[in-house]
Amino acid sequence: GDTHFKNRFIYAVGDCVYGVPELTPVAIAMGEKFARRLMKHEDDTMEYGWEESFIPTTIFTPIEFGSVGYTEEAAIAKYPPGEIEVYCWDFQTMEHAAVHRPSRRYKDEYSKDLGNNCLSKIICVKSQAHRCIGFHFVGPNAGEVTQGFALALIARAKKKDFDRLLGVHPTDAESFAATTGMVKMTKNTGNSYIATGGCGGGKCG
């Protein structure tokens, strides 16, 4: 929640509180919850832990990076060995694929292979029916994609829920849907999660 000082009439909310994520939506939510507790006697507080909050965030670089919940490294460190299952899909966004059609006949200095520029990843806990505790997406408009999927983690969605999801085709976000078939990645599988062909995050045909 928020912090009060020795003087019980002085409170601190937002970025000035030690250990609180320095994010505008977090500060706004803290202020709103504090006002409700003070004026309406509600008991709702702001949580900041990985699993308690699932605060979505995005780095707005040219190719954005959005995430919610645990990183792969943090999940492996928290849970017993062998408990974490990671699913990945690496592909090229439709925005790049649509403007690049390699052709030997017309190849020139402007014909460049842009390569894959998107990565989708979810992190699940096996003993909790493969509950998703981490969501990560690198690609165009990652902030928009992450905002929607953050609700899934708050609702304690499991891998089977992602498997039931039908994608909007063709989009990058459908890389998390059943039609894509995200590849299970563990140190023992050796599976390749690199897409060859396809339509953005999905499959064509």
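Just give me the residues in the stretch 1-27 being open to solvent by less than 90 Å² (accessible area, probe 1.4 Å) and either among the hydrophobic types (A, V, I, L, M, F, W, C) or modelled with pLDDT of 80 or more (or both), in sequence order.
Correct list: ILE10, ALA12, VAL13, GLY14, ASP15, VAL17, VAL20, PRO21, LEU23, VAL26, ALA27.
Considering the stretch 114-151 alone, what residues qualify as being of a type in the set (S, T, N, Q) and open to solvent by 10 Å² or more (accessible area, probe 1.4 Å)?
Within the stretch 114-151, ASN116, ASN117, SER127, GLN128, ASN141, GLN147 qualify.
Out of the residues in the stretch 161-175 that are in a loop (DSSP other than H, G, I, E, B) and within 16 Å of GLY148 (Cα to Cα), state the one that is most open to solvent (accessible area, probe 1.4 Å).
Only one residue tops the list, namely LEU166.
The values are calculated or read from the model by the stated rules, or taken from the named source; none is laboratory data. Note that this is a predicted model, so its numbers are computed, not measured. Each accessible area value is taken on the protein alone, full model and side chains, heavy atoms only, with ligands, DNA and RNA left out. Shrake-Rupley method; radii C 1.70, N 1.55, O 1.52, S 1.80 Å.
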